[in-house]
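The values are calculated or read from the model by the stated rules, or taken from the named source; none is laboratory data. Just so it is clear, the structure is predicted and the values come from calculations on it, not from any experiment. Here the Cβ positions follow ideal geometry from the backbone for every residue, glycine too, while neighbour counts run over all protein chains shown.
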Amino acid sequence: MTGSLADALANLPPGLILILGALVLPLLRGRAQAALTLVLPLASFAHLSLFGEGTTATLEVLGVSLTPVRVDRLSLVFGIVFHIAACLSALYALHVRDATQHVSAMVYVGSAVGAVFAGDLVTLFVYWELTAISSVFLIWASRSERATRAGLRYLVIQVGSGVLLLAGVVLHYRATGSVAFTRLIGEDGSLATAGPGVLLILAAFGIKCAFPLLHNWLQDAYPKATVTGTVFLSAFTTKLAVYTLVRGFPGTDALIWIGVVMTLFPIFFAVIENDLRKVLAYSLNNQLGFMVVGVGVGTELALNGAVAHAFVHIIYKGLLFMSMGAVLYRTGTSKASELGGLYRSMPLTAVCCVVGAMSISAFPLFSGFVAKSLTLSAVAHEHLVWVWLGLLAASAGVMEHSGIKIPFFSFFGHDSGIRCKEAPAHMLLAMGIAAVLCVAIGCYPAPLYALLPFEVDYQPYADLGHCLTQLQLLLFAALAFGVLMRTRLYPPEVPSVNLDSDWVYRRGLPRLGGAVGGVAAKLRFALTGVAGRWLSVALRTVHHLHGPRGLLARTWATGGIAFWAILCLFGYLLLAFTR
């Protein structure tokens, strides 16, 4: 019995326990429902342990060979960290009494897990769309008009990504006869030789990875999700996209510069942004840039750096979102202009936030340092000087907007006078575990390095010069922040809504539509006037001919009618015989 159960579970694709378990959640209420959301990730994590490296499952559908399960080192490391994030997020959300949030979160996590173990593009597409549809309910669960509109924009963009992916898969299958999800780019790493199907697939991945000008759904939607929904969202969608880039586009030259731009442009917007959860959304985009650069470089060291960065980023970014979520939960706001001095009321949350801030800033002995060092070393080994300088500047920017701004304006800085309770115990426990992981990985990275796709022979603390350079960079950024604050040159935190390229579809297109509509209304008015005048002339003519006194309304004698009939017949015969 036990053996048959184990065999049945082994045949069940990873992540499916979460999706099937989500169907049971609406049948439960209260604490039982919340408790099951914590049990399901643990059960799925245990289920994942049944799959050894090299496990595959294949099937034939309409003559197409599909691989719904493929287990290798790359999929395993993402599967492990996705389950860690799911457990921490479910523990953090233990107080939630909303079936919509619980069901959508479990389906969302299960779909993301299933996607990283998909061995073919068709299976990937199914999970890809399921993540989009399920995750939008974490935004709509806020039940506000702004959240509803942001969720609709988010859904359109995410489903659009799926449409591009499907079109790319079809074209790629017609060109190659295969839907296997392996390396899709040529060995030369150039997009010039890639087929249209591959380019569409890359565009779909780029949307989900928040490439420049395709990124606004992230800053638009994440801050409007629920307190706990944002924590779930921060962990899965973009990191699933990073996984697909590592799998399908390693060594793609264009990704290097795309990644550099991603690391740099969010810095300005994060500095002037007042909503601290939106600041974290911009910094998420910044961190994704480091991973994309690693994928673009494409060496084993660089790919290990991208994967390691994704692993630790899920944890420390989740910790920062949990900290700001706890602040929002207790105070009702996450606006920097309304916060400050909360270390008096929420000291434990403040400590966890500082740990997350130091991790994202890549301080030595914290997780961000041991992951980011891999990517920076890989870039240096390839002698990409300008790329290295760009990443160095971006690292200083991260220190400013996430390492300092987030904890300073929420917990320190000016005293806002807000006095509230500390975060609930289960929230503190989730944040505490994440903080311990950040420190443990930073101090002893060997277990993380053992999970990476390629063998790692790297000691982040062996190069004392690198450690000193990083410390000098971070301390300089802190000094610059202090000087700007003292001289009042730092942009003030004011209540406002900042738009970047989303101005095009949130302001520009509506204004253009209004202008076009105005011109169309004026044109319609003018045409209506002309048509009215012509209609009036036509009616007067008809009235003149057919009115009571009109020419055709008179009484005609029979003889006169006969005369005109004969005359018409004569004219017809004359024309007929003269042709």
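For first residues located in region 73-86 and closer than 13 Å to VAL246 by Cβ, partners that are among the hydrophobic types (A, V, I, L, M, F, W, C) and surrounded by fewer than 20 Cβ atoms within 10 Å (Cβ to Cβ) and lie 6+ apart or on another chain with Cβ distances below 6 Å form the pairs VAL77/LEU451. Consider region 353-366 and keep the residues that are among the small types (Gly, Ala, Ser) and not in a loop (DSSP other than H, G, I, E, B). The one that is surrounded by the fewest Cβ atoms within 10 Å (Cβ to Cβ) is ALA357.
Does GLU422 satisfy the condition of being more than 25 Å from the chain's Cα centre (by Cα), over 23 Å from LEU464 (Cα atoms), acidic (Asp, Glu) and surrounded by fewer than 24 Cβ atoms within 10 Å (Cβ to Cβ)?
Numbers: more than 25 Å from the chain's Cα centre (by Cα): yes; over 23 Å from LEU464 (Cα atoms): yes; acidic (Asp, Glu): yes; surrounded by fewer than 24 Cβ atoms within 10 Å (Cβ to Cβ): yes.
When the stated conditions are applied, GLU422 passes them.
Applying the criterion of being farther than 16 Å from GLY259 by Cβ and within 26 Å of the chain's Cα centre (by Cα) to the residues of region 367-400, the residue that is surrounded by the most Cβ atoms within 10 Å (Cβ to Cβ) is SER367. Mind listing whichever residues of region 435-488 are loosely packed, with under 15 Cβ neighbours inside 10 Å and among the β-branched types (Val, Ile, Thr)? Passing the criteria: VAL436, THR469, VAL483, THR487.
Might you check whether a residue that is buried (at least 24 other Cβ atoms within 10 Å of the Cβ), closer than 16 Å to LEU428 by Cα and either under 21 Å from the mean Cα position of the chain (by Cα) or in the same structural domain as GLY403 (by TED's automatic domain parsing) (or both) occurs anywhere in region 328-345? Yes: one or more hits.
Just checking: which of the helices (runs of 4 or more DSSP H) contained wholly in region 198-284 hold 2 or more residues that are within 25 Å of GLY119 (Cα to Cα) and in the same structural domain as SER75 (by TED's automatic domain parsing)?
Numbers: elements: 216-221, 227-248, 253-272.
In region 198-284, 227-248 are the helices (runs of 4 or more DSSP H) which contain 2 or more residues that are within 25 Å of GLY119 (Cα to Cα) and in the same structural domain as SER75 (by TED's automatic domain parsing).
Looking across region 395-432, the residues that are in a loop (DSSP other than H, G, I, E, B), in contact with a Ser or Thr (Cβ under 9 Å, 6 or more places away or on another chain) and either over 25 Å from VAL271 (Cβ atoms) or among the hydrophobic types (A, V, I, L, M, F, W, C) (or both) come down to ILE418, ARG419, CYS420, LYS421, GLU422, ALA423.
Just wondering, is there one or more residues in region 147-156 that are in the same structural domain as ALA22 (by TED's automatic domain parsing), among the β-branched types (Val, Ile, Thr) and within 15 Å of the chain's Cα centre (by Cα)? Yes, that holds for at least one residue.
If only one of ASN285, ASN304 is closer than 14 Å to LYS239 by Cα, in contact with a Pro (Cβ under 9 Å, 6 or more places away or on another chain), of a type in the set (S, T, N, Q) and crowded, with 23+ Cβ neighbours inside 10 Å, which one is it?
Working: ASN304 fails: closer than 14 Å to LYS239 by Cα.
Going through ASN285, ASN304 in turn, just one is closer than 14 Å to LYS239 by Cα, in contact with a Pro (Cβ under 9 Å, 6 or more places away or on another chain), of a type in the set (S, T, N, Q) and crowded, with 23+ Cβ neighbours inside 10 Å: ASN285.
Here is a check on your reading of the model: is ALA192 farther than 17 Å from ILE258 by Cβ and either at pLDDT below 95 or more than 17 Å from the chain's Cα centre (by Cα) (or both)? Judged against the criteria, ALA192 is not a match. Have a look at TYR92, TYR127 and point out the one that is modelled with pLDDT of 95 or more, under 15 Å from VAL227 (Cα atoms) and not hydrophobic (A, V, I, L, M, F, W, C). Selected residue: TYR92, the only one of TYR92, TYR127 that is modelled with pLDDT of 95 or more, under 15 Å from VAL227 (Cα atoms) and not hydrophobic (A, V, I, L, M, F, W, C).
Each residue in region 185-240 was checked for being in contact with a Ser or Thr (Cβ under 6 Å, 6 or more places away or on another chain) and hydroxyl-bearing (Ser, Thr, Tyr), and 2 pass.
Based on what the data block shows, is LEU166 touching a residue at least 24 places away in the same chain (Cβ under 8 Å) and closer than 28 Å to VAL260 by Cβ? No, not satisfied. For region 455-476, taking the residues that are farther than 11 Å from ALA308 by Cβ and among the aromatic types (Phe, Trp, Tyr), the one that is nearest to the chain's Cα centre (by Cα) is identified as PHE476. Looking only at region 255-274, count every residue that is surrounded by fewer than 22 Cβ atoms within 10 Å (Cβ to Cβ) and closer than 19 Å to SER337 by Cβ and tell me the total. The qualifying residues number 5.
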